[in-house]
Structure formats: C-alpha cells, structure tokens
Amino acid sequence: MNETKLIDTIAALLRARADRVAGGTLSEDNPLEFVLRGEAVSARIYRRYNGSLVLALDVFVDDVVESADVFRWVATRSGVMPFVTIRVDRPLVRGSAPAAVKISHSLLADDVSERQLDEVLDAMTYMSRRTRTRLHEFESSVTEDVDEPNPIDDDHHQSETADETIDEYPFEASSQQAAEFDDSEELDDSEESDEVEDDDDMSPNGVPVSSPVKERSHDAILRELEDMIGLGPVKEEINRLIAAQQLADLRRRRGLLAQEMSPHLVFVGNPGTGKTTVARLIGELYRSLGLLPSGHLVEADRSTLVAAYMGQTAIKTRQVCEKALGGVLFIDEAYSLVGERDQYGEECVNTLLQFMENHRGQFAVVVAGYPAEMLGFIESNPGLRARFDLVLQFPDYSDVELEQIFLGIAEKNDYVLDPEALLKVREFIAAWPRWRGFGNGREVRKLFGDIARRHAELLFAQGEGKKASDDTLRTITAAAVPEAPEYHQPVAGVRYGDGGYL
C-alpha cells in the first residue's frame with residue numbers, strides 16, 4: 001500500500017469511529033481532530049528518523065487546576081500504565097490558558113488495524129475519563145473547607161498511592177467494561193466466603209482481583225477448610241502439605257537439613273468445585289506458617305496477563321506478579337497460555353517463570369483448570385515441570401453434597417423447603433449429567449435462583465403476594481421446583497477420582 005493510500009485508510013478508520021469530526025488531515029501541521037465518547041482526540045502521522053510512518057494519538061483533559069497533588073498523580077501514571085504516556089501540557093505562553101493533561105500513544109502506521117485502533121482508543125478514552133474524575137476530586141479537596149480529614153478520602157488516597165497498579169485497566173478491555181470499572185470501590189471482606197462461588201470472582205475487564213486477608217489463627221483457617229462441603233482429597237493433601245512445611249521448619253530450627261518444598265500448586269477439576277476459595281485459604285495458611293508475609297490472593301487469567309502486542313505481555317505479566325508479591329497468584333485456565341505458535345502466551349510463561357525464579361519464597365503461584373489440559377500445560381515447558389510438583393484434584397460434588405450446598409444457599413437467603421419440594425430437588429440433582437465441564441456449585445446456584453423466581457411467580461399468580469404470611473413467603477413448595485430434565489450421559493469420557501471427566 002502506498003503512503004497516500006495508507007494515510008487515507010487510517011483517516012477513514014478514525015472518522016468511522018468518531019462521534020463528531022472537527023476537521024484535519026492527519027498531517028503534523030493539521031492533525032485530525034475528533035470527539036469520541038465525549039473525549040477530544042487529536043491524531044497525526046509523522047515520519048520517524050528511520051523513515052517509518054508513525055500514528056500519534058493524543059487525548060486532552062482541559063482546564064486543569066495545577067497543584068502538587070495533580071503533578072504527583074500525573075507523574076505516576078505512565079509508570080503504572082506504560083501503554084500510554086501522560087503529562088501536564090502547559091500552554092506556550094504561561095497564563096494564556098489553563099493547563100491540560102495530555103494522554104498519548106503512538107503506533108507504526110503500517111501495523112494499524114481496526115481491532116488495534118479499537119483497543120487503543122478504548123484505553124485512552126477510559127484513561128481520560130479516569131483522569132477527569134481524579135482531577136475533579138483534587139479540585140474539590142482544595143476548595144472544601146474542612147477541619148478533619150475524611151477517612152473515606154484518606155483510604156481512597158492510600159489506594160491510589162500505595163498500590164497504583166489497581167486503578168488502570170488492561171489495554172484490550174472494551175469501553176463499556178472500562179466505564180463500569182471503578183477502582184475507588186472498596187473490596188468487601190465482611191462477608192464469609194462461599195466455596196460454591198469458586199470461579200465467579202474474576203473481575204470484569206481482565207483486571208486481577210486482589211482479595212484481602214482475614215487476620216485469623218492457623219486453627220481457624222483449618223476449621224474453615226474442614227467445614228467446606230466435600231473436597232475430601234483436597235483437604236487430605238493440604239493437611240499433608242502443612243504438616244510437611246511444619247516439619248521442615250522444625251528441622252531447620254533444630255539445625256537439621258530440611259527439604260525445600262515448592263509452594264506452587266496445580267488445581268485440577270471442573271468449575272464450581274471451590275478452587276478459588278481453597279486458593280484463598282492456601283494464602284492464609286502460608287501466612288500463618290510464616291511462608292508469606294501477607295497471604296493475599298490475586299486472581300488472573302489469560303486476558304489479565306497477555307497484552308495485544310508483542311513486547312507488552314512481559315510488562316503486563318510482571319505487573320500482575322508484582323501485585324501478588326507476599327501472597328498468592330491464582331491463574332485460572334492456565335492452559336490457555338500455551339499453544340502452537342502462540343508467541344504471546346510463550347512470552348507470558350517465560351516472564352512468569354523468570355519472576356518465580358527471581359522472587360523465590362516471596363509469593364506462591366496456583367494454576368488451575370481441567371485435568372487433561374493442565375497436564376499439557378505443565379508438560380509444555382521444563383521450567384513449569386520443575387516448579388509445580390504437587391497436584392490437587394478437586395472432584396465433582398456428589399448428589400448429597402450438592403443437596404447440602406442447595407440447602408445452605410436456601411438458608412442463607414431465609415428460605416425453607418417443604419418435604420415434597422425437597423424430594424423434587426433431590427430428583428432434579430440426581431438427573432444432572434456429570435460430564436466434563438459440569439458446573440457443580442454454579443449449577444446449584446442457578447437452580448436455586450430459578451426456583452426462587454418460580455416461587456415468587458406462584459405467590460402473585462395465586463393472588464397472595466403482599467397478603468401472604470411470613471411462613472408462606474419463606475416456604476418453597478413442590479410447585480416451584482421444575483421437573484427433573486431427561487439428560488443422557490455422554491459415551492466418551494473417563495472419570496477421575498469421585499467425579500468429572502477428562
């Protein structure tokens with residue numbers, strides 16, 4: 001493609017994405033100016049010293065009230081989010097106009113694609129909105145006349161400065177997802193964890209979720225593990241692991257040789273079997289044993305670790321690993337990081353292995369997924385085989401255990417089942433096929449949600465509704481429970497342990 005046609009093509013792509021075009025031709029002297037999602041964007045193409053053409057994109061946040069807090073916050077942004085550069089852009093003649101914050105990104109014009117433009121513009125417009133919100137907070141704090149600092153504001157400020165990687169979203173998230181993500185929202189650690197909510201805790205936008213650690217005793221953590229429904233093989237392995245770590249510590253204190261065991265683990269099993277909850281408990285147990293200083297959990301997957309462009313994945317992976325220092329990095333569906341000719345996944349795995357080597361004893365990695373795929377993942381790289389030597393199998397829940405989970409959810413939501421309803425729930429659970437991918441606790445939650453909605457529909461259809469007694473509102477009858485489906489087990493598949501198919 002010749003140069004003129006390339007520039008015209010890029011201009012057409014940008015115009016097609018704009019809400020409103022102000023004008024311009026993409027030249028350095030006359031940039032293409034347009035508005036996207038309410039943000040002012042400027043685009044120009046220039047030639048580098050080596051002759052290559054570069055597309056430079058700038059988004060401006062105007063009318064900045066300059067202050068020390070503003071300069072300090074802006075100065076930390078590019079280090080946190082290397083995908084863009086961000087700086088305070090002063091007018092040429094000081095005092096002639098308010099300063100602005102300039103958010104910039106450049107890419108080779110020959111490499112521009114529709115997907116790449118979408119990702120870049122999504123990231124930049126999100127960062128612009130985030131910047132505007134933060135600058136407004138700074139401006140408000142200057143104008144407000146308060147004697148006492150607001151503890152909520154203090155907490156928010158600490159979250160901005162102490163752990164800056166939390167509030168920037170990955171490059172490939174959509175604009176809708178970015179708008180929904182608010183890094184000022186506090187994580188609520190007041191609710192008890194529920195083992196059946198296993199893998200639903202991943203943050204939208206691919207942002208790793210960092211779970212706070214409850215300051216509990218070693219015995220209290222083990223009691224919670226023991227109180228979890230099912231998971232007999234998992235509990236046995238964890239007890240062996242803890243005993244081995246305690247023995248090694250005792251031998252070291254006695255001056256004896258102690259085997260250095262890897263803290264990294266592999267979890268295999270179907271969804272909804274409590275893998276995320278157990279990973280949280282592992283972090284707490286490691287902290288209680290003195291193996292890790294904090295024991296917090298950072299959740300990640302491929303979208304969290306792998307970037308859209310070569311060279312960015314290593315940066316992105318290191319940032320997630322650094323966030324997990326002192327705690328546990330939990331990578332769900334880790335096998336998605338390896339594949340034929342997957343240079344991005346290979347870059348991620350190599351970066352992860354190098355970080356694990358350079359930070360021995362400073363954090364633990366737990367990888368999880370289906371059994372067969374996880375075996376392939378571990379065998380794909382000698383470094384993985386050397387670091388992950390303990391596999392915990394999470395079996396599917398039995399019918400009785402699924403019933404216990406269902407009744408626990410019902411009790412938590414202040415519902416009871418009459419005898420006929422309980423019998424129909426048992427029949428429904430018994431009809432579930434247990435092939436690979438069976439959702440376990442997830443399926444139970446879906447079933448309870450369906451029954452609760454049917455229960456409400458029946459009450460209002462019968463004209464009771466607001467007139468119903470408390471007992472009637474709480475009691476689920478057989479009419480609210482759907483009939484058991486007529487499923488058929490798949491022919492192919494081999495069971496492992498007490499459930500699931502490879």
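The values are calculated or read from the model by the stated rules, or taken from the named source; none is laboratory data. Remember, predicted model here, so these are calculated numbers, not experimental data. Please note: Cβ atoms are built from the backbone with ideal geometry, for glycine as well, and neighbour counts cover all protein chains shown.
Can you name every residue in the stretch 79-93 that is modelled with pLDDT under 75, within 20 Å of E28 (Cβ to Cβ) and either part of a strand (DSSP E or B) or out of contact with any strand residue (DSSP E or B) (no Cβ under 9 Å at 6 or more places or on another chain) (or both)?
D89, L92
Output the residues belonging to the stretch 32-50 that are under 35 Å from the mean Cα position of the chain (by Cα) and either at positive phi or exposed (fewer than 13 other Cβ atoms within 10 Å of the Cβ) (or both).
Hits for the stretch 32-50 are R37, G38.
Here is a list: T317, T304, T276. Which entry is within 19 Å of the chain's Cα centre (by Cα), closer than 24 Å to F355 by Cβ and either free of Cβ contacts under 8 Å to residues at least 40 places away in the same chain or assigned by TED's automatic domain parsing to the domain that holds G408 (or both)?
T317
Working only within the stretch 239-283, note down all residues that are part of a helix (DSSP H, G or I) and closer than 22 Å to A334 by Cα.
Once the filter is applied, which keeps residues that are part of a helix (DSSP H, G or I) and closer than 22 Å to A334 by Cα, the stretch 239-283 yields K275, T276, T277, V278, A279, R280, L281, I282, G283.
Being under 21 Å from the mean Cα position of the chain (by Cα), in a helix (DSSP H, G or I) and closer than 21 Å to L241 by Cα is the filter here; which residues of the stretch 349-383 pass it?
Of everything in the stretch 349-383, those that are under 21 Å from the mean Cα position of the chain (by Cα), in a helix (DSSP H, G or I) and closer than 21 Å to L241 by Cα turn out to be M356, M374.
Can you report the number of residues in the stretch 213-225 which are part of a helix (DSSP H, G or I) and either touching a residue at least 24 places away in the same chain (Cβ under 8 Å) or surrounded by 14 or more Cβ atoms within 10 Å (Cβ to Cβ) (or both)?
Qualifying residue count, the stretch 213-225: 5.
Determine if the stretch 406-413 includes at least one residue that is in a loop (DSSP other than H, G, I, E, B) and within 26 Å of G230 (Cβ to Cβ).
yes
Given (1) in contact (Cβ under 8 Å) with a residue 60 or more places away in the chain; (2) more than 15 Å from E483 (Cα to Cα), identify the lone condition not met by A421.
Of the numbered conditions (1) in contact (Cβ under 8 Å) with a residue 60 or more places away in the chain; (2) more than 15 Å from E483 (Cα to Cα), the odd one out for A421 is (2).
Of everything in the stretch 94-109, what is at pLDDT 85 or above, closer than 26 Å to K5 by Cα and not small (G, A, S)? Give them in sequence order.
Selection gives H105, L108.
Give me the strands (runs of 3 or more DSSP E) completely within the stretch 10-70, filtered to those with at least 3 residues that are at pLDDT below 80, ordered by residue number.
Where strands (runs of 3 or more DSSP E) fall fully within the stretch 10-70 and carry at least 3 residues being at pLDDT below 80, they are 53-64.
Can we say F388 is touching a helix residue (DSSP H, G or I) at 6+ places or on another chain (Cβ under 8 Å), more than 19 Å from V268 (Cβ to Cβ) and buried (at least 19 other Cβ atoms within 10 Å of the Cβ)?
no
Kindly check whether there is at least one residue in the stretch 334-342 that is among the aliphatic types (A, V, I, L, M), within 16 Å of the chain's Cα centre (by Cα) and outside the structural domain of F438 (by TED's automatic domain parsing).
yes
Got at least one residue in the stretch 395-407 being at pLDDT 90 or above, more than 21 Å from P233 (Cβ to Cβ) and surrounded by fewer than 19 Cβ atoms within 10 Å (Cβ to Cβ)?
Yes; the residues of the stretch 395-407 include at least one that is at pLDDT 90 or above, more than 21 Å from P233 (Cβ to Cβ) and surrounded by fewer than 19 Cβ atoms within 10 Å (Cβ to Cβ).
Yes/no matrix, rows are residues, columns are (1) surrounded by fewer than 18 Cβ atoms within 10 Å (Cβ to Cβ); (2) more than 28 Å from P371 (Cα to Cα); (3) in contact with a strand residue (DSSP E or B) (Cβ under 8 Å, 6 or more places away or on another chain); (4) of a type outside the set (A, V, I, L, M, F, W, C):
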{"residue": "D249", "(1), (2), (3), (4)": "yes, yes, no, yes"}
{"residue": "R252", "(1), (2), (3), (4)": "yes, yes, no, yes"}
{"residue": "E260", "(1), (2), (3), (4)": "yes, no, no, yes"}
{"residue": "S288", "(1), (2), (3), (4)": "no, yes, no, yes"}
{"residue": "L292", "(1), (2), (3), (4)": "no, no, yes, no"}
{"residue": "E299", "(1), (2), (3), (4)": "no, no, yes, yes"}
{"residue": "R318", "(1), (2), (3), (4)": "yes, no, no, yes"}
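List pairs: first residue in the stretch 226-238 and free of Cβ contacts under 8 Å to residues at least 60 places away in the same chain and assigned to a helix (DSSP H, G or I), second residue among the basic types (K, R) and surrounded by fewer than 17 Cβ atoms within 10 Å (Cβ to Cβ) anywhere in the structure, Cβ distance under 7 angstrom, at least six positions apart or on different chains.
From residues that are free of Cβ contacts under 8 Å to residues at least 60 places away in the same chain and assigned to a helix (DSSP H, G or I), the pairs are E226/K235.
Is there any pair with a first residue in the stretch 453-481 that is under 21 Å from L422 (Cα atoms) and of a type in the set (S, T, Y) and a second that is modelled with pLDDT of 85 or more and surrounded by 11 or more Cβ atoms within 10 Å (Cβ to Cβ) whose Cβ atoms are under 6 Å apart and which are 6 or more apart or on different chains, and what are they?
As it stands, the answer is T475/V416; T475/D418; T477/D418; T477/A421, since those pairs meet every condition given.
Testing R434 on (1) assigned to a loop (DSSP other than H, G, I, E, B); (2) out of contact with any Asp or Glu (no Cβ under 6 Å at 6 or more places or on another chain); (3) on the phi < 0 side of the Ramachandran plot; (4) of a type outside the set (V, I, T), one condition comes back false. Which one is that?
For R434, the failing item is (2).
Go through (1) farther than 16 Å from G295 by Cα; (2) modelled with pLDDT of 90 or more; (3) buried (at least 21 other Cβ atoms within 10 Å of the Cβ) for L353 and report which single condition fails.
Unmet for L353, out of (1) farther than 16 Å from G295 by Cα; (2) modelled with pLDDT of 90 or more; (3) buried (at least 21 other Cβ atoms within 10 Å of the Cβ): (3).
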